[in-house]
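Only one structure is covered here, and it is reproduced in the block below.
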Amino acid sequence: MKHGYEENVTVDEGLDLHTGIRTQLHFEGDSLITQKTFDAEPHLLHAQRLREAQDGQRWGEGKLVGHIPPAFYAKICAIRDNAARVKAVRQFFADHPALVGYSPYLKR
């Protein structure tokens, strides 16, 4: 008795407008592969514009230190402990320096 599909099949669940993530399900034989993709280009462009607008400015109120895309922001907001949430934001920007909008933030 055969199990799975004779041909490979892909189901595209489309783009989640809240997170910007596209989900595709790939059925290959008796395997299911979930693929999630994310278009980072608009977010990288936004962060670049932030850097250009704040270039040469000193620390002070109102600085936008960076941009966290919705897909990541929701996970950070779910952290209830404030200190842990602040640590997660710092770690996010350390891991994704291209999304930092105020370069001196990375030197802290």
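Starting from residues that are hydrophobic (A, V, I, L, M, F, W, C) and surrounded by 16 or more Cβ atoms within 10 Å (Cβ to Cβ), keep the ones in segment 47-71 and report whichever is nearest to residue 89 (Cα to Cα). Looking at the filtered set, the residue picked out is 68.
Suppose we filter 34, 19 for residues that are at pLDDT 90 or above and among the hydroxyl-bearing types (Ser, Thr, Tyr); which single one remains? Steps first, please.
Numbers: 19 fails: at pLDDT 90 or above.
Result: 34 is the single residue among 34, 19 that is at pLDDT 90 or above and among the hydroxyl-bearing types (Ser, Thr, Tyr).
Among the conditions (1) of a type in the set (A, V, I, L, M); (2) assigned to a loop (DSSP other than H, G, I, E, B); (3) surrounded by 15 or more Cβ atoms within 10 Å (Cβ to Cβ), the only one that residue 79 does not satisfy is (3).
Of all residues in segment 26-47, none are polar (S, T, N, Q) and more than 30 Å from residue 7 (Cα to Cα).
Table: residues versus (1) assigned by TED's automatic domain parsing to the domain that holds residue 98; (2) within 17 Å of the chain's Cα centre (by Cα).
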position: 13; (1), (2): no, no
position: 16; (1), (2): no, yes
position: 23; (1), (2): no, yes
position: 29; (1), (2): no, no
position: 33; (1), (2): no, no
position: 46; (1), (2): yes, yes
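Considering segment 82-108 alone, what residues qualify as being assigned to a helix (DSSP H, G or I), in contact (Cβ under 8 Å) with a residue 40 or more places away in the chain, farther than 23 Å from residue 18 by Cα and in contact with a helix residue (DSSP H, G or I) (Cβ under 8 Å, 6 or more places away or on another chain)? Correct list: 103, 105. Within segment 54-76, restricting attention to residues that are assigned to a helix (DSSP H, G or I) and in contact (Cβ under 8 Å) with a residue 40 or more places away in the chain, the residue that is nearest to residue 101 (Cα to Cα) is 54.
The values are calculated or read from the model by the stated rules, or taken from the named source; none is laboratory data. Predicted, not measured: the structure shown is a model, and the values here were computed from it. Heads up, the Cβs are rebuilt from the backbone with ideal geometry, glycines too, and the neighbour counts pull from every protein chain shown.
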